[in-house]
Amino acid sequence: MYPTVYLNGQYLPKEKATLNVADLSILRGFGIFDYFRYADGNPRFIEDHLDRFFSSAKLLDLEMPVSREELRTTVHELIKRNGEEEGGIRFVLTGGYSPDGYTPTTPNLVAMAYPFKGPSAEQYERGMAIHLHHYERQLPKVKSIDYLEGIRIQPLLKAKGADYALYVDREYNVRESDRSNFMIVREGILITPVESILHGITRLHLLRLARQLGISVDERAVSVNELKQADEAIICSSIKGAMAITTVDEVLIGNGKPGPVTRRIMEAWDGYCASN
Ligand SMILES: *Cc1c(COP(=O)(O)O)cnc(C)c1O
C-alpha cells in the first residue's frame with residue numbers, strides 16, 4: 001500500500017488509519033468496496049466506478065458519508081499525496097461501529113492506493129486455466145467485501161492447477177469468476193452473461209471496444225456446455241483487462257491458445273483505456 005490513506009475525511013499515514021473492532025465489517029463481513037486503476041495520475045473510468053460504488057451502498061442501505069463530488073476530489077487528492085503516477089485505488093465502506101454487533105450505524109469510508117502489478121506477459125500469452133465451481137453469489141449486483149467462497153476455495157484451485165474459478169449456477173449457467181467477469185466467442189460473436197452478475201466496468205468497456213472493432217456482441221446466459229465448446233473464452237477485470245481462458249477443467253478452449261478475437265481485443269485494450 002502507498003503511505004497515505006484516506007479515512008473518514010482525513011489523510012493519515014497508513015499505520016494510523018485504523019478502524020475500531022466494533023465495525024460490522026469485522027464482526028459480520030458487512031460492507032462494500034470498489035477498485036480501479038490510475039495511470040499518469042488519471043483514474044480509469046472513474047465515473048463508472050463512482051456509479052457502482054454508490055449503487056452498491058444503496059443496495060445495502062449504507063449511507064454514503066460524502067457526496068459524489070467529494071469522493072471524486074478525494075481520489076485526486078489521494079493520488080497527489082502519494083506522489084505516484086500509477087497505481088490502484090480501493091474504496092471501502094463498512095457497516096460502522098455497532099453497539100449491538102448487528103445493526104448498521106454510520107459507515108466508515110476508507111480509500112487506499114496501491115502499487116499496480118498486473119499479470120505477466122507470459123500469463124497473457126499462455127492464457128488462464130479455469131475450474132468450474134458450483135456457487136451463486138448472494139447479492140450479485142453488490143460489490144460486497146465478502147469473498148468467503150472465493151478465498152475458501154483457493155487451496156482447491158491450487159490442487160487442480162487452476163488459476164481461477166468460474167461460478168456455475170443451479171441452471172448450469174456460468175455467471176462470472178470471484179473477482180472477474182467472463183465472455184466467450186462463438187462464430188465470431190462475443191457473448192457474455194448479463195443477469196445475476198456483478199457488472200464489471202472492464203466488461204462494460206470491453207463490449208464497447210468490441211463494437212468499435214466491428215465485433216458483434218450478445219448479452220445472454222452462457223451454459224457450461226457452451227463454454228466448453230466455445231471457440232474462445234475471456235476472463236476480465238480492472239486488474240487483468242482481458243485475458244484468454246485456454247482450459248476449463250482439462251477441456252481445451254479452441255486450440256488451447258489465445259484465439260484471434262481475444263488477441264484483437266487484448267491488443268486494442270491499452271489504447272482504448274488511454275483515450276477514454
Ligand atoms: C470486481 C468484480 C468483477 C470485475 O469488475 P471490474 O469493475 O471489471 O474490475 C467481477 N465480478 C465480481 C464478483 C467482482 O467482485
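Every number here is computed from the coordinates shown, using simple stated rules; none is lab data. Quantities reported herein were computed from a predicted structural model and do not represent experimental measurements. Glycine also receives a Cβ, built like all others from the backbone with ideal geometry; neighbour counts cover every protein chain displayed.
Sorting the segments 184-190, 212-218, 266-272, 198-204 by their residues' average number of neighbouring beta-carbon atoms within 10 angstrom, most packed first, yields 198-204, 184-190, 266-272, 212-218.
In order along segment 157-167, phi translates into HN-Hα couplings of 4, 4, 4, 7, x, 9, 7, 9, 9, 10, 7 Hz, rounded to whole numbers, per the Karplus curve 6.51 cos²θ - 1.76 cosθ + 1.60 with θ = phi - 60° and x for Gly and Pro. For the pair Gln138 and Asp40, label points projected 7 Å from Cα toward Cβ lie 4.2 nm apart.
Between Arg170 and Arg208, the FRET efficiency from the beta-carbon distance, with R0 = 35 Å, is close to 0.65. Between Arg90 and Asp218, residue separation times 0.36 nm minus the direct Cα-Cα distance comes to 43.0 nm. Listed cross-link partners Lys141/Lys257; Lys160/Lys257; Lys143/Lys257; Lys143/Lys240; Lys14/Lys117 are compared with a 24 Å cut-off, the Cα-Cα value being larger for Lys141/Lys257; Lys143/Lys257.
Output needed for segment 4-114: three equivalent-ellipsoid semi-axes, defined as square roots of 5 times the C-alpha gyration tensor eigenvalues, in descending order, whole Å.
Numbers: eigenvalues 118, 50, 21 Å².
Working from the Cα gyration tensor, I get semi-axes of 24, 16, 10 Å.
Calculated over segment 121-274, the projected area of the Cα convex hull averaged across directions stands at 8.5 nm². Between the helical axis of 46-59 and the longest alpha-carbon principal axis of the chain there is an angle of about 70 degrees.
Using alpha-carbon positions, what is the distance between the centroids of segment 3-61 and segment 137-202, in Å? Going from one Cα centre to the other spans 22 Å. Note on the chain: with charges restricted to the Cβ of Lys and Arg (+1) and Asp and Glu (-1), its dipole about the Cα centre is near 220 debye. Modelled spin-label separation between Val66 and Glu195, with each label point placed 7 Å from Cα along the Cα-to-Cβ direction: 3.8 nm.
Which cross-chain or sequence-distant (5 or more) residues have an amide H under 5 Å from the amide H of Leu19, H modelled 1.01 Å from N in plane? The answer is none. What's the FRET efficiency of Lys228 with Arg152 using the Cβ-Cβ distance as r and R₀ = 22 Å, to the nearest 0.05? Rounded to the nearest 0.05, the efficiency is 0.30. Each residue of segment 186-197 was assigned a 3J(HN,Hα) from its phi angle through the Karplus expression (A = 6.51, B = -1.76, C = 1.60, θ = phi - 60°), giving 9, 6, x, 9, 8, 10, 8, x, 10, 8, 6, 10 Hz with x at Gly and Pro. Equivalent-ellipsoid semi-axes for the chain (Cα gyration tensor, √(5λ), whole Å, largest first): 33, 22, 17.
In the chain, the DSSP-assigned H stretches of four residues or longer account for a calculated mean residue ellipticity at 222 nm of -8500 deg cm²/dmol, using -39500 (n - 2.57) per stretch and the full residue count as denominator. Between Gly95, Leu198, Leu27, the Cα set farthest toward the positive side of the dipole of the chain (charges on each charged residue's Cβ, about the Cα centre) is that of Leu27. Computed from Cα positions, the angle between helix 68-82 and the longest principal axis of the chain comes to roughly 90 degrees.
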